[in-house]
Amino acid sequence: MIENLSAHTGRAYERTTINARVMSVCRFYEWALEEGLIAQLPFRRRERVVPVFKEDGGGPRLAASNTFVLSNPEKLPRPLRAAELDRLFAHLGPIPRLAAEWALTAGLRRKEICGMTLDMVPDSHQLSGEDQPLVGIPLRITKGNRPRTVYPPIRLIDRTDWYAGEDRARIIRRARARDRHFRSPTNLLLTSYGTALSGKRLTALFAKGFADAGLKGSFHWLRHTFAMVMLARLQQQARSNPDLNPLKILQVLMGHRSIATTAIYLRCVEVHDHDLSESLAWLYGELIPDAK
C-alpha cells in the first residue's frame, strides 16, 4: 500500500488508511489469541509516550502500539498570513466576506454564523468604541448546543449593521419584486435569492474564493487563525498578569468541550510565531481593509 496507488482513487494511500486496514488484521489476531486459537501474536507491541492535556494538569502517559503501525507526521493548523488574507478577501463577495470577518475576529464556526439572526446584532450607534471595544453576543446555535458568547470588535458590528441596512435590505426588496408572497427569513446572512445562507452554500463560496485566490484552505482556517492570534495575545498579557490563564480563556472563547482540543494551539503558536507576530493587531479589525 505504501508503494502502490489506490485502485479506487488512483492516488497514494493515506497513512491513516493504511493503519486502519493493518489494525483490522491485528485485531483479528488479538481475537484469535484471546480465543486460544494461536499461541502468540505475530507482531510485537511497543510503548510510546504521548502527551495528555487535562484540566487538572495531567501529564504524559504510555500508549501501546505495534510494529506494523506507521507513524503519522504531526499535522498542525497554521494561520493565514496577511498577504493571503488580502488575496482571499479580494475574491469574496459581500456576504462570504462578512462571514469571514466573524470567523476571523470572533472565532465563529460555520453553523454558528449561518445560525445568527438579525436581532442578535446590536445597533452600533448605541455603543461606545472606547468603553466597549468588544461586544459580547450570546450565540443561539452552537456545536453541542453548549452556551457560548463571542466578542466581536465594535468595528465588525458597524459593518454588520451596514450590511443589514444596505446589502440585506436590497436582497429582500429584489426577492419581493420577484414574488409578492416572499417572507424574509430571520437569518442574518442571506443568499442573493433571499433564502437563509446554509452551511453547504457557505462552504462552496469559500472553496471558490480560496481557489480563485490560488490558496489552499477552507472557512475553518479563519477560525484557526483567530485561535492562534488570540492565544498569542493572551500569552503576552499573561506576562504582566500571572493570574491570567490564556489556554482556559481560549477554550471558553472557542467553545471547546475539552481543553485538550484547545491545547493543540499551544504548539501551533510555537511553530508559527513569526507569522503571528505581524498578526496581533488583526484581531480588532485592522487586518481587514474597508470594502471599496
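The values are calculated or read from the model by the stated rules, or taken from the named source; none is laboratory data. Note that this is a predicted model, so its numbers are computed, not measured. So basically every Cβ, Gly included, is an ideal-geometry build from the backbone, and we count neighbours across all protein chains shown. Note: accessible area is taken over every heavy atom of the protein model, side chains too, but ligands, DNA and RNA are not part of it. Shrake-Rupley method; radii C 1.70, N 1.55, O 1.52, S 1.80 Å.
For the reader, a short list of remarks on this structure follows.
- Annotation for segment 64-72: at least one member residue is at pLDDT below 90 and open to solvent by less than 30 Å² (accessible area, probe 1.4 Å).
- Candidates 222, 253, 231 - the one that is without any contact (Cβ under 8 Å) to a residue 40 or more places away in the chain, at negative phi, out of contact with any Cys (no Cβ under 7 Å at 6 or more places or on another chain) and part of a helix (DSSP H, G or I): 231
The rows are residues; the columns are (1) within 14 Å of residue 100 (Cα to Cα); (2) open to solvent by less than 20 Å² (accessible area, probe 1.4 Å); (3) among the aromatic types (Phe, Trp, Tyr).
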{"residue": "183", "(1), (2), (3)": "no, no, no"}
{"residue": "196", "(1), (2), (3)": "no, no, no"}
{"residue": "202", "(1), (2), (3)": "yes, yes, no"}
{"residue": "205", "(1), (2), (3)": "yes, no, no"}
{"residue": "211", "(1), (2), (3)": "no, no, no"}
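- Conditions (1) part of a helix (DSSP H, G or I); (2) within 30 Å of residue 167 (Cβ to Cβ); (3) in contact with a helix residue (DSSP H, G or I) (Cβ under 7 Å, 6 or more places away or on another chain): number failed by residue 200: (3)
- Qualifying residue in segment 131-140 (condition: at pLDDT 90 or above, open to solvent by 50 Å² or more (accessible area, probe 1.4 Å) and closer than 15 Å to residue 113 by Cα): yes
- Search result, residues across segment 1-31 that are more than 33 Å from the chain's Cα centre (by Cα) and surrounded by 14 or more Cβ atoms within 10 Å (Cβ to Cβ): 26, 29, 30
- Taken residue by residue, segment 40-60 has at least one member that is in a loop (DSSP other than H, G, I, E, B), at pLDDT 65 or above and either within 30 Å of residue 252 (Cβ to Cβ) or of a type in the set (Lys, Arg) (or both).
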